[in-house]
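Since the structure comes first, as C-alpha cells, the remarks are kept for the end.
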Amino acid sequence: MIEEPISLYVPARNAAGTLSACLAAVRAQTRPPDDLFILLDPRSGDATAEIALSDGARVVEQTGPTLGSARNQALLAARHRWVACCDSDVIVRPDWLERLAARRGDGAAGIGGRTLERVRNPADAWRAMHIPHHWGAFAFRNPFMLVSEVLFDREALLAVGGYRDDLNYNEDTDLCQRLREGGYDLLYEPAAVAEHQRTDDLIGLLSLRWKYSEHRQRHLLDRYAGLIEKSGVNRAYALNTLARCLAAGREELGYISFLLYYHHLLMDLRSLLSRRPLIDPPTRKRMERALLEAALRPLRRANLKLAEEVRADLDSGDGPASPEAGPRVPPVWTSHLAAVESAAGQFVSSLPESVLGVLAASGAHCHGRLALAGVPRIQKPPPDALRAELAAVPLKPFVDRAFCQALRDVWPESASCRFIGPLAPGEREVVAAVDSRSESATAVVPHLEGLSEPLKILDGIEADVSRLVLCYQPLDRLIPGLDILTPADLASAAARAGWTIERFETLAGRIRLMVTRG
C-alpha cells in the first residue's frame, strides 16, 4: 500500500534564535515530510524573515493577525491531506514524524506526540512541572487536547471549521474540543518526542500562563465584580501548583506559584482597563499600583520580606500609588480595592507561617541570591496524619442529577452504578437513587481528592466493573505534603492500568474521566 504524503509547516515569528535548528531537525527525519513550508509572520522584529527566505523551503507569508488565522492559512496552503506542524522553538527527534505517521491507520483525526521542556532556570523548571506539553509516558486515545507538535487529517479540520481566527492562544485547545464534539478521535503517542527550546524569566513565564488562561476566563474580565471572582480562580491555581511543588520536594519553585496570584491580579485589571479607552495611561498605571498596594497589605503583616520580594517583581516604581491624586476614577474603585485586600488576606491566611518562610527563601533562590541548599524543606506528614487531615476537609459536591443524566447519555445501559470512596454533603440523596453496589458494571469514584493515594484505586477496581468514572477537583486549602492531581496524571494512570478513555472533560479545575476496561 502506498503511504499517503504529508505536508509539514513551521509557524515563525521572532524565531531567529531557533528557526534554523528547528528546520534542520525536520530535514533529518527518518520519514521526511513530502512538502515543507514556513509560515512567516512579516511582523517579526528580528531576522526571522531573512533566515526563512534563505533556507530554501517554501515560504508562505502570514496575512491574518492571529495565530489561529495563520494556521487556517497553512491548512489551505498545504499540498496534502495529512498536515503536520512543529513550532519554531521546538526540535523534533529524528523519528518523530515516522512515529506519528505510523498511527494513521488507527482512525484518528489528530495524532500528537510528547514535547519535553528544556530547563535552564527556575522559571523553565516551573513551566515543565505545571504547563507540560505532554500527557505522560503511556499512549492512549481521546486526550483532552493535543499540543502544537501534531499530525492532522486536514479533511477533519475543515469539517469542523478550522481554527478560530480570533485566537492567538488556546487556538489548538479550542480546535481539539470541536474535533471531539464533532465525533472525531484524537491519539496521544508519547514515542514521538520533541524538545521545547523556550526559556523564560519569572514575569515572562507568568504572563504566558495568564495568556493561556485568558480565553477560558474572558467572561470575568469585563466587570470589577468579575475580577474579584477571577481572583478566586487565581488563588486556586496558585495554591494547587504550590501544593504540587511542596509534595514533589521542589520548594525552591514555590515562590513562582505564590507570585502568580499577585501577577494575575494585575493582568486581570490591565485586561479590564484595556477595554476602557478613555482612561488615560497615567491613570491606569496609578490604578495598577494602588491595586498592588492593597493586595500586599495583608502579606506585609504576615511576612514583610516576602511582600517586598513580590513588590520588587511587580511594581514598576514610577508615579504615586494612589489614583486619587490624578484624574477621576469610578466610585466602585474604592470598594474594589477593599475587596482585593480582603481576598488577598484570605489567600495569605491559608498559608502556614512556615510555608511563608519557605516562599521567601524560594524567592531569593529564584533571583539568584540563595543557593538551592539554602531553601528550607517542608516536613511531610505521615500517611495516617494526612488521611486524618483529609477526612476533616469538606468535599465540594460533584454528583448531581445532571451528572447522572450525562452518565446515562454516554452509557445508556448505566441505569445504576456503584459509588466508591467518600461523598460530599448533599450527594447521598442523589446517589441513593442510582447506587447499586453489587450488580452494576459501572462504577463512579466521585472524589479522588478525598483519598490520600488516589491513583492506587485504579489497581483495586473489581474485575466485573467494565465502565468507570473518575472525578477529581482539588481541595480549597493547602495541605503541605498532599500532591495535586493534574489531568495528565489521571489520564496517564488510567492508560497504564489498561483502561480506554471514552470521555475526557476538564473545566474550572474539575476533571471527569470516563473509561472502559481495555
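The values are calculated or read from the model by the stated rules, or taken from the named source; none is laboratory data. This is a predicted model, so every value here is computed, not measured. When we count neighbours, we look across all protein chains shown, and the Cβ atoms used for this are built from the backbone with ideal geometry, even at glycine. Surface areas here come from the heavy atoms of the whole protein model, side chains and all, with no ligands, DNA or RNA. Shrake-Rupley method; radii C 1.70, N 1.55, O 1.52, S 1.80 Å.
Relative contact order of the range 111-168: what whole-number percent is it, with Cα pairs under 8 angstrom and at least 6 residues apart?
Once divided by the residue count of the range 111-168, the mean separation gives 39 percent.
What length, rounded to one decimal in nm, is gained on full extension from Asp384 through to Arg517, with 0.36 nm per residue of separation minus their alpha-carbon distance?
Separation in residues times 0.36 nm, less the Cα-Cα distance, equals 44.7 nm.
Which trypsin sites (Lys or Arg not before Pro) from the range 330-411 combine a DSSP loop assignment with at most 12 other Cβ atoms within 10 Å?
Answer in residue order: Arg369, Arg377.
I need to check one value: relative contact order of the chain, counting alpha carbon pairs closer than 8 Å and at least 6 residues apart, in percent.
12
Quick one: what are the phi-derived ³J(HN,Hα) couplings along the range 181-187, Karplus 6.51/-1.76/1.60 with θ = phi - 60°, whole Hz, x for glycine and proline?
Each residue's phi maps through the Karplus curve to give 5, x, x, 8, 9, 10, 10 Hz.
Report ³J(HN,Hα) in whole Hz for each residue of the range 96-107, in order, from the Karplus equation J = 6.51 cos²θ - 1.76 cosθ + 1.60 where θ = phi - 60°; Gly and Pro get x.
Calculated HN-Hα couplings, in order: 4, 5, 4, 5, 5, 4, 5, 8, 5, x, 8, x Hz.
Given C-alpha coordinates of the range 92-215, what is the ratio Rg to Rh with the Kirkwood estimate of Rh?
Here Rg/Rh amounts to 0.98.
Skip the ligands, DNA and RNA, and give the accessible area per residue of the chain with a 1.4 Å probe, whole Å².
I get 42 Å² per residue for the chain.
Would you kindly give the portion of the calculated P(r) for the range 1-84 that falls above 15 Å, as a percent of all Cα pairs?
Of the Cα pairs, 56 percent sit more than 15 Å apart.
What is the P(r) of the chain, as percent of Cα-Cα pairs per 10 Å bin from 0?
Calculated P(r), rounded to whole percents: 4, 17, 25, 26, 20, 8, 1, 0.
Can you list which of the trypsin sites (Lys or Arg not before Pro) found in the range 238-298 are DSSP loop residues with at most 13 other C-beta atoms within 10 Å?
Listed in order of number, the matching sites are Arg275.
Between Val150 and residues 5 or more places away or on another chain, which pairs have amide H atoms under 5 Å apart, with H built 1.01 Å from N, and which residues are they?
Those qualifying (amide H under 5 Å, at least 5 residues apart or on another chain) are Cys85.
What residues have an amide H closer than 5 Å to that of Val444, excluding those fewer than 5 places away on the same chain, when H is modeled at 1.01 Å from N in the peptide plane?
Answer set, sorted by chain and number: Arg418, Phe419, Ile420, Val469.
Quick one: pull the percent of accessible area on the range 205-319 belonging to carbon and sulfur, 1.4 Å probe, ligands and nucleic acids left out.
The value for the range 205-319 is 54 percent carbon and sulfur by accessible area.
What are the residues whose amide H is under 5 Å from the amide H of Val90, where those residues sit 5 or more places off or on another chain and H is modelled from the backbone?
Those lying under 5 Å, H to H, from Val90 are Gln197.
When the Debye formula is applied to the Cα atoms of the range 369-411, each taken as the same point scatterer, what base-10 log of I(q)/I(0) results at q = 0.17, 0.18 Å⁻¹?
Summing over Cα pairs of the range 369-411 leads to -0.72, -0.74.
With the full set of protein chains in place, find how many percent of the accessible area of the range 53-198 is carbon and sulfur; take the probe as 1.4 Å.
C and S fraction of accessible area: 48 percent.
What whole-number distance in Å separates the alpha-carbon centres of the range 112-165 and the range 88-108?
Between the Cα centre of the range 112-165 and that of the range 88-108, the gap is 12 Å.
Percent antiparallel among DSSP beta bridges with both residues in the range 365-518, to the nearest 5?
Counting only bridges with both partners in the range 365-518, antiparallel ones make up about 65 percent.
Go through Thr18, Thr283, Thr334 and list them by solvent-accessible area, largest first, probe radius 1.4 Å.
From most exposed to least exposed: Thr334, Thr18, Thr283.
Students often check this: by mean Cβ neighbours within 10 Å, which of 103-109, 6-12, 142-148 ranks highest, and how do the rest follow?
Top of the packing list down: 6-12, 142-148, 103-109.
Quick one: Karplus J couplings for the range 35-46, per residue in order, coefficients 6.51, -1.76, 1.60, θ = phi - 60°, nearest Hz, x for Gly and Pro?
In residue order, the calculated couplings are 8, 10, 9, 9, 9, 8, 8, x, 7, 4, x, 10 Hz.
I'd like the distance between the alpha-carbon centres of the range 440-455 and the range 458-504, rounded to an integer number of Å.
7
Just the number, please: percent antiparallel of the DSSP beta bridges in the chain, rounded to the nearest 5.
Counting DSSP beta bridges with both partners in the chain, the antiparallel share is about 50 percent.
For the range 208-324, what is the relative contact order in percent, using Cα pairs closer than 8 Å and at least 6 residues apart in sequence?
Worked out over the range 208-324, it gives 23 percent.
Sum up the charges of everything whose Cβ sits under 14 Å from the Cβ of Ala70, counting Lys and Arg as +1 and Asp and Glu as -1, but leave Ala70 out.
So the surrounding residues net to -3.
Which GluC sites (Glu not before Pro) in the range 452-518 pass both tests, a DSSP loop state and at most 15 other beta-carbon atoms within 10 Å?
Glu462
Could you list the residues of the range 177-212 with an amide nitrogen less than 13 Å from a label point located 7 Å from the Cα of Ser274 in the Cα-to-C-beta direction?
207-212
Charges at C-beta only: +1 for Lys and Arg, -1 for Asp and Glu. How large is the resulting dipole of the range 26-161 about its Cα centre, in Debye rounded to 20?
Using Cβ point charges on Lys, Arg, Asp and Glu, the range 26-161 gives about 400 debye.
Hey, any idea what % of the range 445-517's accessible area is carbon plus sulfur with a 1.4 Å probe?
Heavy-atom surface of the range 445-517 belonging to carbon and sulfur, 1.4 Å probe: 48 percent.
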